[in-house]
1. So residue 191 clears everything in (1) in contact with a helix residue (DSSP H, G or I) (Cβ under 7 Å, 6 or more places away or on another chain); (2) surrounded by fewer than 19 Cβ atoms within 10 Å (Cβ to Cβ) except one condition, right? Which one?
2. Mind checking whether some residue in the stretch 34-49 is out of contact with any Ser or Thr (no Cβ under 9 Å at 6 or more places or on another chain), within 18 Å of residue 170 (Cα to Cα) and surrounded by fewer than 20 Cβ atoms within 10 Å (Cβ to Cβ)?
3. So, in the stretch 52-67, of the ones that are without any contact (Cβ under 8 Å) to a residue 24 or more places away in the chain and open to solvent by 20 Å² or more (accessible area, probe 1.4 Å), which residue ends up farthest from the chain's Cα centre (by Cα)?
4. Of all residues in the stretch 137-150, how many are at pLDDT below 90 and more than 25 Å from residue 59 (Cβ to Cβ)?
5. Filter the stretch 101-137 down to the residues that are open to solvent by 10 Å² or more (accessible area, probe 1.4 Å), over 15 Å from the mean Cα position of the chain (by Cα) and among the hydrophobic types (A, V, I, L, M, F, W, C) and list them by number.
6. Going by what's in this entry, would residue 241 be described as in a loop (DSSP other than H, G, I, E, B), small (Gly, Ala, Ser) and open to solvent by less than 50 Å² (accessible area, probe 1.4 Å)?
7. May I ask you to verify whether residue 77 is open to solvent by 30 Å² or more (accessible area, probe 1.4 Å), within 25 Å of the chain's Cα centre (by Cα), over 26 Å from residue 140 (Cβ atoms) and charged (D, E, K, R)?
8. Just checking, does the stretch 270-288 include any residue being among the charged types (D, E, K, R) and open to solvent by less than 40 Å² (accessible area, probe 1.4 Å)?
Amino acid sequence: MSDYGRIGDYIGPVAAKKLSAVDIDANSSNQHEFGGNDALRRLLGTGEDRRASQGHGIPTALMYLSDDDAPAVADLETTWYDARRNNPNRSAEWRLYYKDCEPIRMARPGDLMCFGMLRDNRLLIIIAQHDSTAEAQAKWLFGIDDEQEGAFRFHDNTERELDAFGAQIFEALGINVEVRDDTYLPEMIGRWGYRFPSNEEFAAFSQSSLTDVDPTHDDPDDVVIEYYDRSYLLFKLYERAVIQHDYDAAPFVSDGVIDVDSFTSFYTSVRNRRMSRAGKVLEIHIAHILDARGIEYEAQAKTEIHTP
C-alpha cells in the first residue's frame, strides 16, 4: 500500500469527454445541461430524480483548471433527472442540469470534462483547458485516453496507488490527501519543534531517511524520484502538525466567528511556504546527486545571452 492509499480512497470512477460547441458554446447552445449517456448513468444512478429545486439535488464542486490562472471553483447543486419520466411510452432520457457559474463560462470547446463522485458524496466536475498541463495531469490520474467529442466515456482507475505526483494532482484539484504513515513525525518534531527548517536541512533529512538509496551508484533518475517522493511525504506530514500547532496556539475561529484578518494571514503563510519549497527542494536533490558523483556544475547558471 502506498503512503497515500489508492485513487479509490478519494474518488470513484470518472466519466469524461471532450467538450463540443453544442455542450458549452453560448453561440451554439443555450442549454445548461449535459445528456446522461450510459457512462453518466453508471456514475449517478437511475433511480429517482434529484432536483435542486426540490431540496435534494446533488452537491457539486465545479472547477476550471488552466496553466495560466488559479483554479476557478464554484459550489452548487446540480439536478439529475429523467426528462421523459412523465412519458411512459418512451425510454428514459437522463440529463444533468447546472446553473451558470464562472468555471462553466470559462470552458471552451476542446476542453476536457471529467465527472466523479467524491467519497463524501459530492459530485466533482473538472474542466481542464485543452492542451494544458492540467489536462495532461487529469488524464494521467484518471487513466483517460484521448477523448473525442460526443458522449461521455467511463474510466475506472480506482485501484491505482497514489504516489507523490498523484497526491499533488489531487491537492491541485482541491482533494485533501492524507499521509498514511507518520513514522518520521516524532523525529522531525524532536529536531525542529514546530518551525520549519531551511530547505537545505529539510532536503538533507529526507535524503538521509532513505538508507537504501545510493546517489553515487543507483540510477540517477530513480534517485531523484525517490528523494522527491520522500520530501513530499515528509513535508505533508510535518506541515499538518505545524498547522495544527499554530492554529491551537492562535485560533482564528471563536464561537463560530472567523477572524478574517487572522485567517487571511494564516492561509497566505501556508500557501507561500508551499509555493516556495517544491522547486527549491528538487534543485537541492539534484545538486546532491551531482556532488555524490563528482560532477561539476554551476547552480542558476545563464545558458543563453539575450541581446536587445
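The values are calculated or read from the model by the stated rules, or taken from the named source; none is laboratory data. Please read all numbers here as calculations on a predicted model, not as lab measurements. All Cβ positions, glycine included, derive from the backbone under ideal geometry; neighbour counts span all protein chains shown. Accessible surface areas use protein heavy atoms only, side chains included; no ligands, DNA or RNA. Shrake-Rupley method; radii C 1.70, N 1.55, O 1.52, S 1.80 Å.
1. (1)
2. In the first step, residues of the stretch 34-49 are kept if they are out of contact with any Ser or Thr (no Cβ under 9 Å at 6 or more places or on another chain); the result is 34-35, 37-48.
Then keep just the ones that are within 18 Å of residue 170 (Cα to Cα); that gives none.
No, the stretch 34-49 contains no residue that is out of contact with any Ser or Thr (no Cβ under 9 Å at 6 or more places or on another chain), within 18 Å of residue 170 (Cα to Cα) and surrounded by fewer than 20 Cβ atoms within 10 Å (Cβ to Cβ).
3. Step one: list which residues in the stretch 52-67 are without any contact (Cβ under 8 Å) to a residue 24 or more places away in the chain, which gives 54-57.
Then keep just the ones that are open to solvent by 20 Å² or more (accessible area, probe 1.4 Å); that gives 54-56.
Numbers: 54: 32, 55: 29, 56: 27 Å.
Only one residue tops the list, namely 54.
4. 7
5. If the condition is that a residue be open to solvent by 10 Å² or more (accessible area, probe 1.4 Å), over 15 Å from the mean Cα position of the chain (by Cα) and among the hydrophobic types (A, V, I, L, M, F, W, C), then 101, 104, 106 are the ones that fit.
6. Details: in a loop (DSSP other than H, G, I, E, B): no; small (Gly, Ala, Ser): yes; open to solvent by less than 50 Å² (accessible area, probe 1.4 Å): yes.
Judged against the criteria, residue 241 is not a match.
7. On the way: open to solvent by 30 Å² or more (accessible area, probe 1.4 Å): yes; within 25 Å of the chain's Cα centre (by Cα): yes; over 26 Å from residue 140 (Cβ atoms): yes; charged (D, E, K, R): yes.
The answer is yes for residue 77.
8. So the first thing to find is which residues in the stretch 270-288 are among the charged types (D, E, K, R), and the list is 271, 273-274, 277, 280, 283.
So of that shortlist, the ones also open to solvent by less than 40 Å² (accessible area, probe 1.4 Å) come out as 277.
The answer is yes, given that some residue of the stretch 270-288 is among the charged types (D, E, K, R) and open to solvent by less than 40 Å² (accessible area, probe 1.4 Å).
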